[in-house]
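Note sheet for the following structure.
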Amino acid sequence: MSAKVSKKFDKKFELNEESIRRIHSDIRKRVPEDKHKEIIFEIFREDSLVYRTSEIDRVLSESNDSTQKIKSVKIEYLDESLNIELIFDSVDGAKLTVVGEDRDTVYLISSELKEYIQKEVAFLFGGNLQSRNVLVGAMFISMLAILLVLTNSYSPVSITIPMSAALESTDLNVKMNYIISNMANKPRDTRAGFIMIIPVLLSFGVLLPLGKIMQYFFPGNIFLIGKQISIISNRRGFVRNIFWCVIVGSIIAMVTGYYFFWLSK
């Protein structure tokens, strides 16, 4: 009786030379030796070139630069009793499908590949995360929280001339002074203006190419082959510098400022 295992990996992948060789080796161990050449790599590139090869070194020798960037890699093995298909796509992520006549063989191969890919390849956070929705939601919650603070902290400024005194007085100047004082001291409620900012910020969040921004700062579904190795390494170094210089620096500045403010009391 035939069996099938299909697995779509939730997290984003990072496919490098070591992982490609390991996956290729695991498949080779489970297929007949005379059929090792039937393990095929199918490569899709940004320049619309698609080619198939059984030579792993040809895949690893790809320049993988901006004009010939790899979009997808499919590793497959097909025969009468066993079909293995493993797809790594820069948009859709990683997916494994194993179909065979022998249930134990299917289970063994799929388990080995799944365990390795989950731990060593598809381990980057954010596979199913819609960054735009998260940012819009965070923006909306932040606006509501600030609005709530403003609402609770709102209190009118006291009037210098009591209303009773103005009503009882027959002096026109007292009544005029009360009206002028009331208009001058009346606080402006800025909450309405603040509420109008919310849809503007939400629209700004929707229009921003947040997916590309998130992909730049937190790259995932990447093929670390050729020039992409240095590109991704430099990008991650840049992100680390931003974190330590900006975020940590800001926290230190805030703590220091609060400390000196506390000392000045």
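The values are calculated or read from the model by the stated rules, or taken from the named source; none is laboratory data. Here the structure is a predicted model, which is why all the values come from computation and not from measurement. For neighbour counting, all protein chains shown are included, and Cβ atoms are generated from backbone atoms with ideal geometry for every residue, glycine included.
Kindly indicate whether any position in the stretch 84-101 is in contact (Cβ under 8 Å) with a residue 60 or more places away in the chain, acidic (Asp, Glu), over 20 Å from residue 219 (Cα atoms) and out of contact with any Pro (no Cβ under 9 Å at 6 or more places or on another chain).
yes
I'm trying to understand the selection: among the residues of the stretch 81-110, which are in contact with an Asp or Glu (Cβ under 9 Å, 6 or more places away or on another chain), acidic (Asp, Glu) and modelled with pLDDT of 95 or more?
85
Suppose we keep only residues that are of a type in the set (Lys, Arg) and under 20 Å from residue 101 (Cβ atoms) within the stretch 1-27. Which one would you say is farthest from the chain's Cα centre (by Cα)?
Going through the qualifying residues, I end up with 4.
Evaluate the stretch 73-86: report whether one residue or more is part of a strand (DSSP E or B), loosely packed, with under 12 Cβ neighbours inside 10 Å and not charged (D, E, K, R).
Scanning the stretch 73-86 turns up no residue that is part of a strand (DSSP E or B), loosely packed, with under 12 Cβ neighbours inside 10 Å and not charged (D, E, K, R).
Could you tell me which residue of the stretch 11-29 is surrounded by the most Cβ atoms within 10 Å (Cβ to Cβ), considering only residues that are of a type in the set (D, E, K, R) and touching a strand residue (DSSP E or B) at 6+ places or on another chain (Cβ under 8 Å)?
12
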